[in-house]
Amino acid sequence: MPVRVASTLPALEELRGENIDIRPADPATEESGEERPLKLAILNLMPLKEMTERDLLRLLGHSPLMIDVDWIDTATHRCRHTSAEHIEKHYKHFGDIKGNRYDGLVITGAPVEKIDFEGVDYWEELTEIMDWARENVRTTLYVCWAALAGLYHHYGVRKRLLDRKLSGVYEHRVVTRGKRLTNGWDDVIYAPHSRYGEVDRKEIENHKDLTLVAAGDESGVYVVEALGGREIFVTGHSEYAPDTLDFEYHRDLKKGISPDIPRNYYPGDDPEREPEVRWRGHAHLLWTNWLHFYANPKTSVIERGKA
């Protein structure tokens, strides 16, 4: 089944070329008698919004579910790296959608990890959205920085800054089996990470309201579940395209940051070679399971308390 987005979204044509079923959500394309689409909202906090749109739609487009997406941007922060025209045409603000109810909400990462949460200029707006989601969204998927922010806001788990950016593709193992989220996952799974912050594994494991689902020796906490699946926190970037870490690495080089070469990404750790993808299968299972077992009202296990 397709993901339906505005016909003017730049990602549409590119993803069609990858055989991903993305269709325009124009009234003329509505088919009579089809089932209600899954309603998702995506709060895109990334500065290069078009890149994030492609990464997310690439995964959502492989789901067997019909999905409608509302793209959300913050009203209290003006993005400087995506054109105002693009945001005006394709995005809504929280005030536009707060009266809606959604099957799922995705909150992306953001490059503000070195700033205290309360120092982020849209923190008050973000916390309002996170609180709103508990009453108006069946399940929320927090990604990377948003996962750290959600764990802090809802559960008081503090982030720790790393000495160097954690960048690369890391190995993880499932800690808690029996979750529908982990259906089909291998014993060893891989996912990209790109962050300066982390949370303490012992604090997660000792918290009565949190379940550590997956973790890695190098990357630490990877997936955490709360409220029976109503909240999923993913500290990595399973949605990343093959070249996203490469783009970030060369961007940081140009900025003079002297970044480490992303771990386990380039063959032989040689940035001149084509990156090696080893996380695609896990990414599809993570997102498909979240959509099917948590967001989809027909098959969700959340309401029955079995997540």
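The values are calculated or read from the model by the stated rules, or taken from the named source; none is laboratory data. Bear in mind the structure is a predicted one, so any value in this text is a computation, not a measurement. For neighbour counting, all protein chains shown are included, and Cβ atoms are generated from backbone atoms with ideal geometry for every residue, glycine included.
Being charged (D, E, K, R) and within 22 Å of R195 (Cβ to Cβ) is the filter; apply it to segment 255-297 and report the residue that is surrounded by the most Cβ atoms within 10 Å (Cβ to Cβ). Per the stated criteria, the residue is R263. Which of the residues that make up segment 53-86 are within 17 Å of I129 (Cβ to Cβ) and either of a type in the set (D, E, K, R) or within 19 Å of the chain's Cα centre (by Cα) (or both)? If the condition is that a residue be within 17 Å of I129 (Cβ to Cβ) and either of a type in the set (D, E, K, R) or within 19 Å of the chain's Cα centre (by Cα) (or both), then V69, D70, W71, I72, D73, T74, C79 are the ones that fit. Every condition in (1) modelled with pLDDT of 95 or more; (2) over 23 Å from D246 (Cα atoms) holds for P192 except the one numbered (2).
Within segment 64-121, the residues that satisfy the criterion of being within 18 Å of M51 (Cα to Cα) and either touching a His at 6+ places or on another chain (Cβ under 6 Å) or among the aromatic types (F, W, Y) (or both) are W71, Y91.
Scanning segment 179-214 for residues that are among the acidic types (D, E) and in contact (Cβ under 8 Å) with a residue 24 or more places away in the chain gives D186, E198, D200, E203, D209. Being out of contact with any helix residue (DSSP H, G or I) (no Cβ under 7 Å at 6 or more places or on another chain), at pLDDT 95 or above and not in a helix (DSSP H, G or I) is a description that applies to R173. Could you tell me whether Y265 is in contact with a Pro (Cβ under 7 Å, 6 or more places away or on another chain) and either part of a loop (DSSP other than H, G, I, E, B) or at positive phi (or both)? Taking the combined requirement at face value, the residue satisfies it.
Restricting to segment 261-299, what's the tally of residues that are touching a helix residue (DSSP H, G or I) at 6+ places or on another chain (Cβ under 9 Å), over 30 Å from K39 (Cα atoms) and not basic (K, R)? The number of residues fulfilling the criteria is 8. Evaluating Y222 against the criteria (1) modelled with pLDDT of 95 or more; (2) farther than 17 Å from A147 by Cβ; (3) not hydrophobic (A, V, I, L, M, F, W, C) leaves one unmet condition, (2).
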